[in-house]
Amino acid sequence: MCSACSTNDNLSQDGVTTPVHAASERFALEGVSCGGCAAKITATVTAIDGVTDAHVDVATATLDITTVEGAGDGVAQQVRTAVRATGYGLN
C-alpha cells in the first residue's frame, strides 16, 4: 500500500516500487448463471490491456473491473465488446 495515496504498489521493470492509481467500474450482466460463466468472463476481461482485475458476482449478475487510472472509455468499450462476444449481455 502506498503511504502517500493509499493505492496498491506495483514494481516497475527496474524493480522500483511505484504507486499504481486505479479506477473501478461496475457493469450489469445478463445470462450469467454459474461459476463457469463467471470464469469465462473473468478470463476474457483480464486479458484486456489496462484491466488489472475483474470479478463476476453470479448472485448479483455484476462485473466489477479495476483499470489503470486514465485508461478511459476505450477500455470500458473493449470490455463491453469482449463480454458480448463471449455470448453474455452487458449494460
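The values are calculated or read from the model by the stated rules, or taken from the named source; none is laboratory data. Bear in mind the structure is a predicted one, so any value in this text is a computation, not a measurement. Cβ: placed from backbone, ideal geometry, glycine included. Neighbour counts: every protein chain shown.
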- Task: Please find, within the stretch 36-64, the residue that is nearest to G74 (Cα to Cα) out of those that are exposed (fewer than 14 other Cβ atoms within 10 Å of the Cβ) and either in contact with a His (Cβ under 7 Å, 6 or more places away or on another chain) or among the acidic types (D, E) (or both).
- Result: D49
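Would you point out the residue of the stretch 69-89, among those that are within 14 Å of the chain's Cα centre (by Cα) and either in a loop (DSSP other than H, G, I, E, B) or aliphatic (A, V, I, L, M) (or both), that is surrounded by the fewest Cβ atoms within 10 Å (Cβ to Cβ)? Quick ask: steps written out before the conclusion?
Keep residues of the stretch 69-89 that are within 14 Å of the chain's Cα centre (by Cα), which gives 69-83.
Retained after the next criterion (residues that are either in a loop (DSSP other than H, G, I, E, B) or aliphatic (A, V, I, L, M) (or both)): 69-71, 75-76, 79, 82-83.
On the way: E69: 13, G70: 10, A71: 20, V75: 20, A76: 18, V79: 23, A82: 17, V83: 24.
Within the stretch 69-89, the match that is surrounded by the fewest Cβ atoms within 10 Å (Cβ to Cβ) is G70.
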- Query: Which one of these is modelled with pLDDT under 75 and of a type in the set (D, E): D9, D64, D57?
  - Reply: D9
